[in-house]
1. For the range 55-101, would you read off the P(r) tail past 12 Å as a percentage of all alpha carbon pairs?
2. Based only on Cα atoms, what Rg/Rh ratio does the range 261-356 have, Rh being taken as Kirkwood's radius?
3. Given all pairs of different Cα atoms, what value in angstroms does the Kirkwood hydrodynamic radius of the range 79-118 take?
4. Given the convex hull over the Cα atoms of the range 236-292, what projected area results after averaging over all orientations, in nm²?
5. Which ³J(HN,Hα) values in Hz, rounded to whole numbers, follow from the phi angles of the range 457-465 under the Karplus curve 6.51 cos²θ - 1.76 cosθ + 1.60, where θ = phi - 60° and Gly and Pro get x?
6. Could you state, as a whole-number percent, how many of the C-alpha pairs of the range 1-134 are farther apart than 27 Å?
7. Per the Debye formula with a single identical scatterer at each Cα and no solvent contribution, what log10 I(q)/I(0) holds for the range 160-302 at q = 0.09, 0.10, 0.11 Å⁻¹?
8. What does the convex hull of the alpha-carbon atoms of the range 120-184 project to on average, in nm²?
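The values are calculated or read from the model by the stated rules, or taken from the named source; none is laboratory data. Given the structure is predicted, the values throughout are model-derived calculations rather than measurements. Quick reminder, even Gly has a Cβ in these numbers, built from the backbone with ideal geometry, and neighbours come from all protein chains shown. Calculation scope for accessible area: heavy atoms of the full protein, side chains included, ligands and nucleic acids excluded. Shrake-Rupley method; radii C 1.70, N 1.55, O 1.52, S 1.80 Å.
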Amino acid sequence: MLPSLLELHLDISELDDLPQFLPYVNFTSLLVFDLSYNNFNSSLPQWLFNISTLVTINLANCHLAGSIRETSWVNLCSLQSLDLFGNSISGGMEEFLHSLSGCSNSIIETLDFSYNQFSGNLPESLGSLKYLDALSLTLNSISGPLPMSIGNLSHLSMLDLSFIVMNSIPESIGQLAEILSSITISNCQLGPSFPLWLRTQKEVSSITLSNNAIVDAIPDWFWTLVQNVWLLDLSTNQLTGKLPQSIHSSSELGVIVNLDSNCLEGSLPLWRNATSLYFGNNRFSGQIPLNIGQEMTALKTLDLSRNYLNGSISPSISRIKNLTVLVLSKNDLSRNIPWLWKGLQKLIVIDLSENKLQGANIFTGNIPEQLCQLPLKVLDLSQNNILGSIPKCLGNLEVMKDVGIMFKLPPSFWQPPPSVYLELIVKGRLYEYSDLIGLLRIIDLSSNNLSGEIPEEITNLSTLFALNLSQNQLIGRIPESIGSLSRLESLDLSTFDDGDAQAKENTVEDEDGYENLWFYTSTAFGFIVGFWVVFGSLVIKRSWRHAYFQYLDKMKNRCAMVFNLDMA
């Protein structure tokens, strides 16, 4: 009933009712229609397609379902942007795009159909959308070849075909020379040869070609092409050969490089402008370069896990002041590391598991104080040969102590960096963590030669998720205040020799009746206190409550995406 209304913004408004039929719609001037991030649980309403003035439609994450209406879009010839991201809309993509291109002068610029249930092939009529600038089809049931007419989209700068089954990419995509600024094609069948059409993309700023069954060497011309990129992701292929020792990048933001899970070999390169390096699960060998700290000062994330690296860990790593994630697990690194914590005051993840680190000086001298001052979320030194006792100052790890610290820290701190991959033993089983690393609080010192008692101070870590001290030479009693670890889901103190453990249990059974009662009482009390510290805060503080449930909504959407991905 508002004929003069130009824009309607009701995004993130907790709406749950989208009328399917309206007796009277008088939006004769409406240009922008944004109802994104609501919870309608309905289909697209017919009256929406009668608003011929619309330029922008945003219905992302609205829990919309049902089949797309193929014939109605011809009324929207003024449409420039259509965002249906994150719904459950189904229907044939071929018929839909054909009807969308029915306007003789279509000016559509942005189409985002990601995370839906569209099916069928992409039609040749796609090429008639001559002003199309961005096309995202991630995670649908679309199949078949990419149409030859893709080469006609002379304005296309962003193309995302992740997690759809495209069995061929035509050479005509090379006609988009110096136009595409972002290329994302994941989980398709580009291989086995390295795509030659990339050679024409002189101005591309982001390349993602992960999990595309490419079984080939990376050609030399490619390293000249990536001089302008800020993101390079070629992970989960079977790329072979050696990497150049340096690349020249003009990106002011730095470069995120993900070459995880390939067959690359040789020595590690030093790429100066890299902010994140994911070189895990390859065949790199030799030592970590001694000058890595001088050459790669911009690094924030370094993952060299699951390779064949040997020798000592270069002390110069301690000069990389902004390093937040260090993953060197499953190599043949040896010697003690008394220098590691010096200068690295931003580390949130340390994973040095399954190496040959040894010696007592990892936990002697002034090192414990520096280690315990780090904002650690994950500390994994398991399956090495580390001696000495568990430092008492581990109980001072602030991020693991304070439930409320997540609300005090900026979001950029506690959100996980992209593509970090960790293998952690929790509850006696091997788990793989990536996106959820930002939520973890884990200490794993298992399978070493640590001795002495479990320090009482470690029970200060009220947000700890998993504590694994198994396969060591620890003695004494379990701290009675263990019940204060109200978020603990996994506690592993098993011993190496089960026979000895059972014998000791029989010896102390009679004298431990009172201690057992106290243990269970403290556990129950710790749970009650922990529960009301968290939920009591949410009840009292309105801003925290809103932040918490917005976070739960995001996690729900992420879990739904993972489920749909598995189904796909």
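1. Beyond 12 Å sits 64 percent of the P(r) for the range 55-101.
2. Taking Rh as the inverse mean 1/r over Cα pairs, Rg/Rh reads 0.92.
3. About 10.8 Å, per the Kirkwood formula over Cα pairs.
4. That works out to 4.0 nm².
5. Karplus values, whole Hz, x for Gly and Pro: 4, 5, 6, 6, 7, 5, 9, 5, 8.
6. Percentage above 27 Å: 14.
7. Log10 of I(q)/I(0), two decimals: -0.26, -0.32, -0.39.
8. 3.7
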